[in-house]
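Taken together, the values in this text are just the output of simple stated rules run on the coordinates, not laboratory data. Everything numeric in this text was worked out from a predicted model, so none of it was measured. Cβ sites come from the backbone with ideal geometry, for glycine too, and all protein chains shown count toward neighbours.
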C-alpha cells in the first residue's frame, strides 16, 4: 500500500495518496510482530506512513486555499519541506513546490532558500531536470532579495527541526505546550488534547497510554 501511495504522490494525486497512506497506517495495529526485527519494521512503517499522511494532508489543504490567501499558501508550501518523507523524489518535490510557490508570489528570499537546497542536494536522475531550474530561480531571486509577504517560517533555519501542528497546520513554537498522538506520534498544540488524531484517526491526542504493543506478551 505504501508503494502505491508513493506512486500517486509522485503523480501529484495527493488526495488519493492520502487515503492509501492512512489506510496503511490504520492497518498496522492489526499486525502482530513475531520478533524484535518484525516489531522494528512495523514501528518504522508507522513513522513512514505518518509522515506521508501529514505531507499529503498538508498539500490537499493548501490546494483548497483561495487566491487571496497568498501568504498562507507560501507558508503551507514551506511546511511541506518539514515533513520527513522517505523518498528523495518526494523530498525534492516538496522543495520544488515551496520554491515555485514562493517565487511566483514574489517571496524571493524564501524562494532562494529552497532553490539553494535543491542545488546543494543529491537527487539522482531527476536532478538533471530540476537543478538547472533551481539555479535560474536562485539567480533571479538573489537579484531582488526581498519577500513580499510575511510568513511564519525562517528560511535560514533547518526545516527538519521544525514541528507543524497537525490540527492547525501552524508551526509549534519552542515555548508552546505540545500534545502527541500515542499511536502515530503526530504532534499538536496543547489545545487539541482530547480530540481525535487527524493523522491516523485512531487515537485520542494526548491520551495517557501504555504505548504500542505489537508483539504478544
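Our analysis of the chain gives Rg over Rh at 1.00, with the two radii drawn from alpha carbon positions and Rh computed by the Kirkwood formula.
If the chain between residue 13 and residue 176 were fully stretched, how many nm would it gain, using 0.36 nm times the residue separation less the Cα-Cα distance? Mind showing how you got there, number by number?
On the way: separation 163, 0.36 × 163 = 58.68 nm, distance 3.35 nm.
Gain on stretching residue 13 to residue 176: 55.3 nm.
Computed from label points 7 Å out along Cα-Cβ, the spacing between residue 69 and residue 26 is 2.4 nm. Per-peptide packing, taken as the mean over residues of other Cβ atoms within 10 Å, places 95-104, 183-192, 74-83 in the sequence 74-83, 95-104, 183-192 from highest down.
Sorting the segments 21-27, 139-145 by their residues' average number of neighbouring beta-carbon atoms within 10 angstrom, most packed first, yields 21-27, 139-145.
For the chain, what does the helix formula give at 222 nm: sum of -39500 (n - 2.57) over DSSP H segments with n ≥ 4, over the residue count, nearest 500 deg cm²/dmol?
Result for the chain, helices only: -16500 deg cm²/dmol.
Both the radius of gyration and Dmax for segment 159-217 are 12.2, 39 Å, in that order, over alpha-carbon atoms. Rounded to the nearest 10 degrees, the inclination of helix 88-104 to the longest alpha-carbon principal axis of the chain is 40 degrees. Can you give the FRET efficiency for residue 209 and residue 60, using 1/(1 + (r/R0)^6), R0 = 25 Å, r = Cβ-Cβ distance, to the nearest 0.05? E(calc), rounded to 0.05, equals 0.30. Working from Cα pairs under 8 Å separated by at least six residues, relative contact order for the chain is 18 percent. Extension gain for the segment residue 133 to residue 156, taken as residue separation times 0.36 nm less the Cα-Cα distance, is 6.2 nm to one decimal. Directionally averaged projected area (segment 69-157, Cα convex hull): 5.2 nm². Size descriptors for segment 123-165 (Cα atoms only): Rg and Dmax, in that order, 13.9, 35 Å.
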